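Since every read-out is calculated from the coordinates, none of them should be taken as a lab result. Since the structure is predicted, the reported quantities are computational estimates derived from the model, not experimental observations. Don't worry about glycine lacking a Cβ; one is built from the backbone with ideal geometry, like all the others, and counts go over all protein chains shown.
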Amino acid sequence: DARVTQTPRHKVTEMGQEVTMRCQPILGHNTVFWYRQTMMQGLELLAYFRNRAPLDDSGMPKDRFSAEMPDATLATLKIQPSEPRDSAVYFCASGPGLAGVQETQYFGPGTRLLVL
Amino acid sequence: AQSVTQLGSHVSVSEGALVLLRCNYSSSVPPYLFWYVQYPNQGLQLLLKYTSAATLVKGINGFEAEFKKSETSFHLTKPSAHMSDAAEYFCAVGYSSASKIIFGSGTRLSIRP
């Protein structure tokens, strides 16, 4: 049963610290999305990649957030420095990349981040 | 610009009752429409999607949704609610020239015994 995996599942850190979240997309998927979910803002798209190249990161605060795909099996989302307002659940999703916007996105279990 | 509105942030029904979750979209071009479900402490999972084929779409777990262009709606229904249906449900919209979908704010479904 192929699944998207995310690590860590939970992270508590202090303001100003660097946070790195990792995602392993489903093998063979070439589209990767990063979302942030909060009670106030709901589900927000931060960035997405196709074939490891960033296609849209307009939803991501550029001064502190960065997203990369070092290889086809790993996507990372970094926050440096972290702030309390970054506390949220961060989801990674992947897709086959064959059907454009109509394709199904497969979500990971999320990383629950708390910045004190 | 495309957008999606989910009416009712919280819906509560009795077990065995009809489930109706409302979604209206705004799009100037033919949309793709999705319903995703999120169980507690899990990621989202696709329930069903409309991609311009049949207007009545059947999904997993007995859910279905009907695309009504005249009403710009894509409401989600299930004839008989089960306790395991308690979750948050998200409607989403996309269209062919865009590269991403837009999610609604979600509706939390509670099931009363």
Would you mind computing Rg(Cα) / (2.2 N^0.38 Å) for chain A, counting N as its residues? 1.00
Anyone know which of B:Leu56, B:Leu20, B:Leu47 comes out most mobile in the 10 Å Cα GNM of chain B? B:Leu56
Are there trypsin sites (Lys or Arg not before Pro) in region A:7-74 that DSSP puts in a loop and that have at most 15 other Cβ atoms within 10 Å, and which ones? A:Arg9, A:Arg52, A:Lys62, A:Arg64
Chain B, dipole about Cα centre (Lys/Arg Cβ +1, Asp/Glu Cβ -1), debye to the nearest 20: 140 debye
When chain B is treated as a Gaussian network with springs between alpha carbons less than 10 Å apart, the largest mean-square fluctuation among B:Tyr39, B:Tyr25, B:Tyr89 is found at B:Tyr39
Under unit Cβ charges (Lys, Arg +1; Asp, Glu -1), what dipole magnitude, rounded to 20 debye, does chain A have relative to its Cα centre? 180 debye
Determine the gain in length on full extension of the stretch A:Asp1-A:Asp71; use 0.36 nm per residue of separation and subtract their C-alpha separation, reporting nm with one decimal. 23.0 nm
I need the Kirkwood Rh of region A:1-51: take the reciprocal of the average 1/r across all distinct C-alpha pairs and report it in angstrom. 13.1 Å
Which whole number gives the average count of other chain Cβ atoms within 10 Å of the Cβ atoms across peptide A:66-74? 0
Enter the mean number of other protein chain beta carbons within 10 Å of the beta carbon of each residue in A:102-112, as an integer. 5
For chain A, whose charge dipole is built from +1 on Lys and Arg Cβ atoms and -1 on Asp and Glu Cβ atoms, the candidate among A:Phe91, A:Gln41, A:Gly59 with its Cα farthest towards the positive end is A:Phe91
Let me have the relative contact order for chain B, percent, based on Cα pairs under 8 Å that are six or more residues apart. 37 percent
What is the projected area of the convex hull of the Cα atoms of the protein assembly as shown, averaged over all directions, in nm²? 12.7 nm²
Centroid-to-centroid separation of region B:33-98 and region A:64-100 [C-alpha atoms, Å]: 25 Å
Average Cα contact separation per residue, chain A, under 8 Å, 6 or more apart, as relative contact order %: 37 percent
Using alpha-carbon coordinates alone, the radius of gyration and Dmax of region B:20-97 in Å work out to 12.4, 39
Over its alpha-carbon atoms, region B:1-46 yields an Rg and a Dmax in Å of 13.4, 38
When chain B is treated as a GNM, springs tying every alpha-carbon pair under 10 Å, which of B:Ala65, B:Ala86, B:Ala53 comes out with the largest mean-square fluctuation? B:Ala53
Size of charge dipole - the protein assembly as shown - debye, nearest 20, with Cβ of Lys, Arg +1 and Asp, Glu -1, no other charges: 140 debye
Rounded to the nearest 0.05, what FRET efficiency do B:Ala17 and A:Met39 have when you use their Cβ-Cβ distance and R0 = 30 Å? 0.65
